[in-house]
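Structure first, then comments.
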Amino acid sequence: MDDEKYFTLSGDNMPGNAGFYSSNTANTPWNVKFKSKQKFEPKVLVWLALSSKGISVPYIGTTHGPAIDSNLYVQKCLPKLLAFIRRYHADNNYIFWPDLASSHYAKTTITWLNQQNIHFVPKQVNPPNLPKAKPTEDFWSILADKVYHGGWLATTEQELINRIKQQLKKVDFKIVQTMMLEVRKKLRKIEEQGPFSIL
C-alpha cells in the first residue's frame with residue numbers, strides 16, 4: 001500500500017507545536033502574543049509505499065495544489081512503487097492497495113499500472129476510509145512525532161526535507177513490519193464479521 005502526507009514548516013498539526021494559552025497576558029512574551037501565522041503555509045509532500053517486507057524510497061517534494069495530482073503521482077511516485085515491487089515482491093505475491101484519492105484512480109494512473117502489470121485493488125471493491133485496517137496513518141504519526149520532536153520547527157522547505165529524510169532512517173522497521181503483517185488478518189476479520197469488528 002502507499003500513502004502520502006503533507007508536513008508543514010511549523011508542524012502546527014502536532015500537539016506540542018500548536019501553541020498555548022496564558023492566563024497572564026501581562027507576563028506573556030511579545031513573540032508569543034503576536035506570533036503571526038501564514039494562511040497557506042508552505043508544505044512538503046512525502047509519499048512512500050509500505051509492506052511487511054520493506055519501505056520504498058520516498059518521494060519528497062513540494063506541490064502547488066491542495067492535493068497530489070495524477071501527473072505528479074504517475075511521474076514521481078509510481079516509478080518508486082515499481083522499483084519497490086521489483087525489489088521486495090519479485091515473486092508477484094502482492095496486491096497494491098491504494099487509497100481512494102482521485103489521483104490514485106485517474107485514467108493515466110490506471111493505464112500506467114496496467115502497462116507495468118502491477119496488481120492493484122480495483123476502485124469498485126476498494127473499501128472507503130478504513131484507518132484501523134490500513135496502518136499508514138500510524139506510520140505517519142510515528143514519523144511526524146520524530147520530525148517535530150521537542151517542538152522542532154523548520155525555517156525553510158529544504159531544512160524540513162532534510163529533517164524528514166534524516167528521521168525516516170530512524171523509524172524502527174520492526175514496528176512497521178508488525179503493523180503491516182496484521183493487515184491481512186484485519187481484512188479477513190472485516191470480511192467475516194464486518195468493519196466494526198476491528199474497532
Checklist entry - Residue by residue through the stretch 81-96, which ³J(HN,Hα) values in whole Hz follow from phi under the Karplus form 6.51 cos²θ - 1.76 cosθ + 1.60 (θ = phi - 60°), with glycine and proline marked x? => result 5, 4, 4, 5, 5, 5, 6, 9, 10, 5, 6, 6, 8, 7, 9, 7
Next on the checklist: I want to check the label-to-label distance for Lys123 and Phe196. Put each point 7 Å from Cα in the C-beta direction and report it in nm to one decimal.
Outcome noted: 3.0
Checklist entry - Could you give the nm distance between label points at His149 and Leu100, where each point is 7 Å from its Cα heading toward the beta carbon? => result 3.6
Next on the checklist: Please list, in order along the stretch 144-151, the HN-Hα scalar couplings obtained from phi with the Karplus expression 6.51 cos²θ - 1.76 cosθ + 1.60 (θ = phi - 60°), rounded to whole Hz, x for Gly and Pro.
Outcome noted: 4, 4, 5, 5, 9, 3, x, x
Checklist entry - When DSSP beta bridges are limited to those with both residues in the chain, what percentage is antiparallel, rounded to the nearest 5? => result 95
Checklist entry - Can you tell which of Asn92, Asn129, Asn27 shows the greatest fluctuation in a Gaussian network model of the chain with Cα springs below 10 Å? => result Asn27
Item to check | Phi to ³J(HN,Hα) by Karplus 6.51 cos²θ - 1.76 cosθ + 1.60 over the stretch 58-69, Hz, x for Gly, Pro | outcome: x, 9, 10, x, 9, 10, 10, x, x, 8, 5, 9
Checklist entry - Using 0.36 nm per residue, how much length does the chain from Arg188 to Ile110 gain when fully extended, once their Cα-Cα distance is taken away? => result 25.5 nm
Checklist entry - Which value, in Å to one decimal place, does the Kirkwood hydrodynamic radius take for the chain when every pair of different Cα atoms is included? => result 18.8
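Each reported figure results from applying straightforward, stated rules to the coordinates on display, with no laboratory input. Remember, predicted model here, so these are calculated numbers, not experimental data. A quick note on method: Cβ atoms are made from the backbone with ideal geometry, for glycine too, and the neighbour counts reach across all protein chains shown.
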